[in-house]
Amino acid sequence: MAGREDGEPEYRELAEFRHRIGRFLRFSEQAARAAGIAPRQHQLLLAVKGTAEGEAPTIGALAGRLGIRHHSAVGLVDRLAARRLVRRRRDGRDRRRVHAELRTEGPALVRALRAIIGSSR
């Protein structure tokens, strides 16, 4: 058959893997919207929550983690701060650096979304 090469199983596996990733992303985006936040806001909350204990990621580190520009990460943090899900904190040694920390409601929302998304498997 035209277009087929040796190694077909690898292509089928790759196609299936990409399909499953797409399904997962669509489901998690829908769950975030149902919880009242944008999918990127959910991703930022996860990035903050996934940071090592005792550390707060900088806005720049979050931008890199999400693959977005610094000013876009600032906007996400601003919107989440307005909803009292995160707070900004200036670095004690370098006042130019701004960290994002989860506030009281932030971890609860991340856990709730994790439970919803985790149950979809």
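The values are calculated or read from the model by the stated rules, or taken from the named source; none is laboratory data. Keep in mind that what you see is a predicted model, and the values were worked out from it rather than measured. Methodologically, a virtual Cβ is constructed for each residue, glycine included, from the backbone with ideal geometry; neighbour enumeration extends over all protein chains shown. To get the accessible areas, we keep the full protein, side chains included, count just its heavy atoms, and leave off ligands, DNA and RNA. Shrake-Rupley method; radii C 1.70, N 1.55, O 1.52, S 1.80 Å.
Of all residues in segment 67-84, those satisfying the criterion of being within 14 Å of the chain's Cα centre (by Cα) and outside any helix (DSSP H, G or I) are Gly67, Ile68.
Among the residues making up segment 37-66, a single one is charged (D, E, K, R), surrounded by fewer than 17 Cβ atoms within 10 Å (Cβ to Cβ) and in a helix (DSSP H, G or I): Lys49. Pairs are defined by a Cβ separation below 7 Å, a sequence spacing of at least 6 or placement on different chains, a first member in segment 85-103 that is part of a strand (DSSP E or B), and a second member that is of a type in the set (Ser, Thr, Tyr) and surrounded by 14 or more Cβ atoms within 10 Å (Cβ to Cβ); the pairs so defined are Val98/Thr58; His99/Thr58.
Scanning segment 104-121 for residues that are open to solvent by 30 Å² or more (accessible area, probe 1.4 Å), part of a helix (DSSP H, G or I) and in contact with a helix residue (DSSP H, G or I) (Cβ under 6 Å, 6 or more places away or on another chain) gives a single hit, Ile116.
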